[in-house]
Amino acid sequence: MTPWQDAGRGLALAAGLAVLIALQPAPAQAEDSGPQGLSEGQEEAVRALVREYLLENPEVLIEALQLYDERRKAEAAERQREAVTAHLGQLAESSGAPVLGNPEGDVLVVEFFDYRCPYCKKVAEDLRQAVREDGNIRLIMMEFPILGPDSLVAAQAALAAHAQGRYEDYHFALMAEPGDITESTVIALAERLGLDLERFRADMASEAIDAEIRRTYELAEALEIGGTPAFVIGERIYPGALSLHDLLQAVALSRENAS
């Protein structure tokens, strides 16, 4: 018999005793009745019995909390799956968000990331390798600057590079920057890559880029994504950094589910 089954028997015993207590004939001078029809004395006896059982079997509480946590996670995953399904069209849009990999790929991978996030930096090369190895991934990059003003500057700069057709080079170079990312960092990188600096600065401040970043914020909120990196692969959300193996496995699972 498992501890959970044993716990169930114990709690059932406590509940049964509570019923028996409730069915006992009332004394000649009854005490005040509680909210369940039990007298205060009967309620106290049931509480004492349940407390004693739980103190003797604390694993019951641990298993109950674990079960609650599992249910809570399952419910959250289902909510996110429904949200992904509802917003799949918006996720797949490429009007403003950069698209890497195979534009006609059969598996959609969407990454929400921040250039100042160390985990995003860590996963960047694995993600690029996964796209190259698979060859049939359509990768949409969602600039999601949530780690302060410098993150916003970095996102604006990357999208400004995108406006000049140099997003992939700029993105991975910026992810590889070892130090803090500031406005001088992003300008220096644009100059190093030979971008038109006057246009670059103008695009960074443009309404179109601000609108794209706002769209990403709204999608992240709808999908209950609050951290980076986060991946949408198929109909599932994968929070946190994924290894090359995990990325390819998630893509394979998405293909399998689609077929």
Q. Out of every Cα-Cα pair in segment 88-258, what percent are more than 22 Å apart?
A. 39 percent
**Q.** Per-peptide average of other Cβ atoms within 10 Å, ordering 129-141, 220-232, 197-209 highest first
**A.** 220-232, 129-141, 197-209
Q.
How would S254, S243 line up from fewest to most surrounding beta-carbon atoms within 10 angstrom?
A. S243, S254
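Since every read-out is calculated from the coordinates, none of them should be taken as a lab result. As the structure is a prediction and not an experimental result, all values here were calculated from the model. Counting neighbours? That spans all protein chains shown, and the Cβs are built from the backbone with ideal geometry, glycine included.
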